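Engineer: Can you read through this structure? Questions will come right after.
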Amino acid sequence: MAVKILFFARSRELAGVSETSVAVQAADTTESLLSHLLEQFPALKELDGRFVFSLNHEYLERGSVVPLKAGDEVAIIPPISGG
Amino acid sequence: MAVKILFFARSRELAGVSETSVAVQAADTTESLLSHLLEQFPALKELDGRFVFSLNHEYLERGSVVPLKAGDEVAIIPPISGG
Amino acid sequence: MEPASISGEQWAARVSGEALDLAQCMQFVEDPGAGAISTFSGVTRNSFKGKAVVKLEYECYTDMALKKLKARAQDVCEECCQKHAIIRLAVAHRVGEVWVGQPSVLIAASSAHRLEAIQACHWVIDALKATVPIWKKEFFEDGSIWKENAECQLLGNSSEGLA
Amino acid sequence: MEPASISGEQWAARVSGEALDLAQCMQFVEDPGAGAISTFSGVTRNSFKGKAVVKLEYECYTDMALKKLKARAQDVCEECCQKHAIIRLAVAHRVGEVWVGQPSVLIAASSAHRLEAIQACHWVIDALKATVPIWKKEFFEDGSIWKENAECQLLGNSSEGLA
């Protein structure tokens, strides 16, 4: 069971990659994913929590705990600045 | 002493000309000019007063009585519809 | 008619019997300090209150129209320049026949930030309709009529907005 | 990047690594029933708070951005269509390097009457800045910084406007 993780903008620079894959268990959530990512990419701590997750192209509320399943696409979304 | 008169839109069609020249005396005003024009171009009565004069490229208030002098340019301005 | 135009450092106004060119208006307002460019095109549409429109025909008191367009452009530039906001403004109006789909009026405005450019276009088209001596006749299959802008206050008791 | 786009009958959204083309957006929204076409171009400007800007660099979560642009376009079209007002809407955003004077975003809207086209451009650029996952980095002579839109509410307590 794997979840695809995308990094953008500053989170991409800090992680040093634009994409990774994380194995998840049935009980895993965005909360456990975050712990895992901060362990794997400690530089992400510099974001100081200034981001939200998106799950399958929809924003998640900041700090919300949402279950994950195989095939999900999660992205780290720092404050946006299009336009 | 002459004043130049310009007709636009419906007033031009009713007058049948786009321009004319009217001799004015020292005491003449937009009021006496109007009487003269309605006499010379009776079809202008069909405007039913729905116009203002401009004098030298500035609108005059409807019905106002303004003195005229040689070289003035007066126009009949029906309701505008640019844009 | 031959194109007639008037311009200042920050603004340009034009009345022309030829097809209007949005790219030309855009080019006038482009500026390295501009973060936003907004445009407005008024176009002949194919119907009015359910009746098929064939074309519009515009007539213009050119000298006075350019004087009024200049005044409106300066109003916008002066008001906005106090906020260092509007950089440039271009407005062009066509005279003569304007067929369905063709533009009769173009406005372009540039500014540092987006709000002012959008507002400038909005304000200029409203002011043009209210104060610039231009007339249009609408042609249907079976007749024609001289239009009157709802914004035109010339016949009202107030001369507000006619300066 | 290769251009990516999504469109419906009344709207088109595009994200592209190539220079944006306003004429193309205009063409999409042209319609015999349109009396007004309004456009908005967001352009790289040469300074930010007095500091010289060299270029911007945009990055985009393409799939999600197109989904959000589609939702915003449909919001506008649906709301306005109830008033038979907006005819068509096109929005395009560039990714990669955008130099001073070049557009990063283009919006064009057509409507029967002028107010709706102007408001649609205004609303779409505001909504884009608030909800579409695109990021820009500003490059100065001596460094660079990731920008954050003031309109971005992602970090607020409210998730209003993020749908």
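Engineer: State which residue is farthest from the other protein chains (Cβ to nearest Cβ) when the search covers only the range D:49-76 and only residues that are under 14 Å from the mean Cα position of the chain (by Cα) and of a type in the set (Gly, Ala, Ser).
Structural biologist: Taking the candidates together, the pick is D:Ala73.
Engineer: Continuing with the same structure: Taking into account only those residues within the range C:122-146 that are within 10 Å of the chain's Cα centre (by Cα) and without any contact (Cβ under 8 Å) to a residue 40 or more places away in the chain, which is most open to solvent (accessible area, probe 1.4 Å)?
Structural biologist: Here the residue is C:Asp126.
Engineer: Please find, among D:Glu30, D:Glu18, the residue that is surrounded by fewer than 21 Cβ atoms within 10 Å (Cβ to Cβ) and within 18 Å of D:Glu2 (Cα to Cα). Break it down stepwise before answering.
Structural biologist: Values: D:Glu30 fails: within 18 Å of D:Glu2 (Cα to Cα).
Result of the check over D:Glu30, D:Glu18: D:Glu18.
Engineer: Of everything in the range C:61-84, what is open to solvent by 20 Å² or more (accessible area, probe 1.4 Å) and either free of Cβ contacts under 8 Å to residues at least 24 places away in the same chain or touching a His at 6+ places or on another chain (Cβ under 7 Å) (or both)? Give them in sequence order.
Structural biologist: C:Asp63, C:Lys67, C:Glu78, C:Glu79, C:Gln82 - these are the residues of the range C:61-84 that are open to solvent by 20 Å² or more (accessible area, probe 1.4 Å) and either free of Cβ contacts under 8 Å to residues at least 24 places away in the same chain or touching a His at 6+ places or on another chain (Cβ under 7 Å) (or both).
Engineer: What are the pairs with Cβ atoms under 9 angstrom where one residue, in the range D:17-38, is more than 11 Å from chain C (Cβ to nearest Cβ) and more than 27 Å from D:Leu56 (Cβ to Cβ) and the other, located anywhere, is surrounded by fewer than 19 Cβ atoms within 10 Å (Cβ to Cβ) and of a type in the set (Val, Ile, Thr)? Sequence gap at least six, or different chains.
Structural biologist: If the second residue must be surrounded by fewer than 19 Cβ atoms within 10 Å (Cβ to Cβ) and of a type in the set (Val, Ile, Thr), no pairs are left.
Engineer: Can you pull out the strands (runs of 3 or more DSSP E) entirely within the range D:1-56 that have at least 3 residues that are in contact with a Cys (Cβ under 9 Å, 6 or more places away or on another chain) and closer than 22 Å to C:Cys121 by Cα? Lay out the reasoning, then the answer.
Structural biologist: Working: elements: D:4-7, D:11-16, D:36-43.
Result: D:36-43.
Engineer: A follow-up question, please. Which residues, counting only those in the range D:85-112, are open to solvent by 10 Å² or more (accessible area, probe 1.4 Å) and either charged (D, E, K, R) or facing another protein chain (nearest Cβ under 9 Å) (or both)?
Structural biologist: The answer is D:Arg88, D:Arg94, D:Glu97, D:Val100, D:Gly101, D:Pro103, D:Ala112.
Engineer: Can you give me the number of residues within the range D:107-121 that are of a type in the set (D, E, K, R) and either under 20 Å from D:Gln24 (Cβ atoms) or under 9 Å from the mean Cα position of the chain (by Cα) (or both)?
Structural biologist: 0
Engineer: Still on this structure, I have one more. Does the range A:1-24 hold any residues that are assigned to a helix (DSSP H, G or I) and aliphatic (A, V, I, L, M), and which are they?
Structural biologist: The answer is A:Ala9, A:Leu14, A:Ala15.
Engineer: Is it the case, given these coordinates, that B:Ser11 is open to solvent by less than 40 Å² (accessible area, probe 1.4 Å), touching a helix residue (DSSP H, G or I) at 6+ places or on another chain (Cβ under 8 Å), free of Cβ contacts under 8 Å to residues at least 40 places away in the same chain and under 18 Å from C:Thr62 (Cβ atoms)?
Structural biologist: Spelling it out, it is not the case that B:Ser11 is open to solvent by less than 40 Å² (accessible area, probe 1.4 Å), touching a helix residue (DSSP H, G or I) at 6+ places or on another chain (Cβ under 8 Å), free of Cβ contacts under 8 Å to residues at least 40 places away in the same chain and under 18 Å from C:Thr62 (Cβ atoms).
Engineer: For the range B:25-71: of the residues being closer than 23 Å to C:Gly156 by Cα, open to solvent by 90 Å² or more (accessible area, probe 1.4 Å) and part of a helix (DSSP H, G or I), which is nearest to the other protein chains (Cβ to nearest Cβ)?
Structural biologist: The selected residue is B:Glu46.
Engineer: All but one of (1) modelled with pLDDT under 95; (2) under 29 Å from C:Arg114 (Cβ atoms) hold for A:Met1; which doesn't?
Structural biologist: In the conditions (1) modelled with pLDDT under 95; (2) under 29 Å from C:Arg114 (Cβ atoms), A:Met1 misses (2) alone.
For every residue, the table says whether it meets (1) under 19 Å from C:Ala19 (Cα atoms); (2) in a loop (DSSP other than H, G, I, E, B).
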{"site": "C:Lys67", "(1), (2)": "no, no"}
{"site": "C:Val76", "(1), (2)": "no, no"}
{"site": "C:Arg88", "(1), (2)": "no, no"}
{"site": "C:Gly101", "(1), (2)": "yes, yes"}
{"site": "C:Val105", "(1), (2)": "yes, no"}
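Engineer: Then there is this: For the range A:11-18, indicate whether the set of residues that are closer than 24 Å to D:Gln153 by Cβ, within 9 Å of chain D (Cβ to nearest Cβ), in contact with an Asp or Glu (Cβ under 7 Å, 6 or more places away or on another chain) and not small (Gly, Ala, Ser) is non-empty.
Structural biologist: no
The values are calculated or read from the model by the stated rules, or taken from the named source; none is laboratory data. The model shown is predicted, which means the values in this text are computed figures rather than measured ones. Neighbour counts run over all protein chains shown; Cβ positions are idealised from the backbone, glycine included. Just so you know, the surface numbers come from the protein's heavy atoms only, side chains and all, with ligands and any DNA or RNA stripped out. Shrake-Rupley method; radii C 1.70, N 1.55, O 1.52, S 1.80 Å.
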